[in-house]
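Novice: Have a look at the structure that comes next, please.
The values are calculated or read from the model by the stated rules, or taken from the named source; none is laboratory data. Just so it is clear, the model here is predicted, and its values are computed rather than measured. FYI the Cβ positions are ideal-geometry reconstructions off the backbone, even for glycines, and counts take in every protein chain you see.
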């Protein structure tokens with residue numbers, strides 16, 4: 001849809017300052033004659049929002065970055081070669097997004113890809129921050145404990161120690177849960193990177209006898225969706241397998257980890273099978289009625 | 001649009017299925033060959049019959065177990081079988097497969113040494129043979145009888161009935177759910 005913009009008077013045009021850049025010097029009329037998504041279709045990264053900010057910048061108006069517009073503006077700046085905006089957007093991202101894992105997670109949760117190099121720029125850095133935080137949390141966690149056990153065992157003597165270990169474990173749990181709740185493409189990539197990071201779960205679980213309770217609490221209670229449960233289980237299983245010895249002892253002292261993960265894989269596979277069956281039935285109601293009448297299970 | 005989304009969901013589910021299946025295979029193998037290393041009892045975990053069957057397969061074929069640990073594992077498997085039978089969560093053919101593995105081992109052991117392997121298994125199976133509530137005989141049971149896989153005993157009939165009931169119940173629920181969704 002094209003929106004008509006009233007033509008500017010000659011006095012207004014004259015009063016505008018001279019543009020700073022020779023790379024792209026649109027007149028106000030050129031810049032604002034069309035407000036539609038056709039910018040993207042024409043191949044201008046960052047769309048209307050990004051282009052508008054760059055046009056403003058040409059006339060000395062600095063971009064007002066927010067978490068929502070920083071990527072489109074950066075994309076447009078990159079496309080048009082506006083180095084100053086590139087630098088300022090980078091600074092904004094490092095201060096507000098890449099600074100900690102929670103901010104990176106929030107950013108990726110709401111991020112809409114722009115089909116621009118900026119996608120890779122923000123996604124790679126956000127995932128790097130998240131994976132580094134998770135690997136660090138694994139390293140710092142000495143005891144894997146489900147919250148309920150922590151409360152039950154609290155006494156005045158061990159209160160401080162348990163509080164410390166519990167908060168480390170809690171951080172690890174939070175990162176894992178949030179990472180697994182990311183959109184699937186990001187979750188998958190983060191897991192691959194975490195598996196490649198040098199975290200040996202086999203060593204980690206030797207230090208705790210409560211691995212099973214922690215895993216059950218993490219997967220059953222902390223993860224809010226089955227999708228997140230799948231990602232957590234896949235992540236931990238791959239990490240465990242990667243660090244496992246090639247020969248006897250096959251599981252070292254980490255059999256709780258192996259068996260509990262297999263238990264959850266079993267359960268999740270059954271769940272996925274059931275969901276697929278229902279999806280199939282919904283798509284093919286005729287096969288459902290047929291299977292009911294013949295008493296046979298519907299084929300998937 | 002809706003069709004596209006459902007196709008995407010289906011694709012995603014299929015990829016999840018594949019990923020989970022790959023991981024499951026490795027976990028089963030690792031636990032199976034390392035069954036003697038368990039720091040808990042095997043029956044503490046809730047594995048489905050097929051998973052247990054697979055792990056036992058790895059244990060028997062690859063772990064080269066000594067008689068004592070084999071006895072121990074046989075006892076654990078008995079515990080599972082009893083639980084599966086009670087909850088009707090095992091298909092007759094899987095039950096038979098598991099039982100056959102243990103019987104086979106028993107036979108081999110008897111031939112090689114004069115020590116009863118799976119004594120616990122045999123003993124528990126005797127108890128399993130007389131559960132209450134055996135009423136009808138399913139098609140599967142007839143097939144097994146005709147194939148002469150094992151002598152028919154009440155436990156198989158029991159499991160067979162339970163499994164059939166459970167399967168029908170699942171189907172009915174799924175149909176009801178699909179009906180609700182269609183409305």
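Novice: So in the stretch A:112-124, with the set limited to residues that are assigned to a helix (DSSP H, G or I) and surrounded by fewer than 17 Cβ atoms within 10 Å (Cβ to Cβ), which one is nearest to the chain's Cα centre (by Cα)? Show your work before the answer.
Specialist: First pass over the stretch A:112-124, keeping only residues assigned to a helix (DSSP H, G or I): A:117-124.
Subsequent filtering for residues that are surrounded by fewer than 17 Cβ atoms within 10 Å (Cβ to Cβ) retains A:117, A:119-120, A:124.
Details: A:117: 18, A:119: 13, A:120: 13, A:124: 10 Å.
If we take residues in the stretch A:112-124 being assigned to a helix (DSSP H, G or I) and surrounded by fewer than 17 Cβ atoms within 10 Å (Cβ to Cβ), then A:124 is nearest to the chain's Cα centre (by Cα).
Novice: I'd like the full set of residues that are touching a helix residue (DSSP H, G or I) at 6+ places or on another chain (Cβ under 6 Å), more than 7 Å from chain A (Cβ to nearest Cβ) and loosely packed, with under 15 Cβ neighbours inside 10 Å, limited to the stretch B:22-49.
Specialist: None - no residue of the stretch B:22-49 is touching a helix residue (DSSP H, G or I) at 6+ places or on another chain (Cβ under 6 Å), more than 7 Å from chain A (Cβ to nearest Cβ) and loosely packed, with under 15 Cβ neighbours inside 10 Å, so the list stays empty.
Novice: Scanning the stretch B:1-21 for residues that are under 29 Å from residue A:247 (Cβ atoms) and exposed (fewer than 14 other Cβ atoms within 10 Å of the Cβ), which turns out farthest from the other protein chains (Cβ to nearest Cβ)?
Specialist: Residues of the stretch B:1-21 under 29 Å from residue A:247 (Cβ atoms): B:18-21.
Retained after the next criterion (residues that are exposed (fewer than 14 other Cβ atoms within 10 Å of the Cβ)): B:18, B:21.
On the way: B:18: 10, B:21: 7 Å.
Out of the qualifying residues, it is B:18.
Novice: Just need a number here: residues in the stretch A:262-284 that are more than 25 Å from the chain's Cα centre (by Cα) and touching a residue at least 24 places away in the same chain (Cβ under 8 Å).
Specialist: 2
Novice: Residue A:220 is checked against (1) surrounded by fewer than 21 Cβ atoms within 10 Å (Cβ to Cβ); (2) within 14 Å of chain B (Cβ to nearest Cβ); (3) closer than 26 Å to residue A:111 by Cβ and fails just one. What number does that condition carry?
Specialist: (3)
Novice: Could you run through the stretch A:241-275 and say how many residues are surrounded by 17 or more Cβ atoms within 10 Å (Cβ to Cβ), modelled with pLDDT under 85 and at the interface with another protein chain (Cβ under 7 Å from one of its Cβ atoms)?
Specialist: Counting residues in the stretch A:241-275 that are surrounded by 17 or more Cβ atoms within 10 Å (Cβ to Cβ), modelled with pLDDT under 85 and at the interface with another protein chain (Cβ under 7 Å from one of its Cβ atoms) gives 2.
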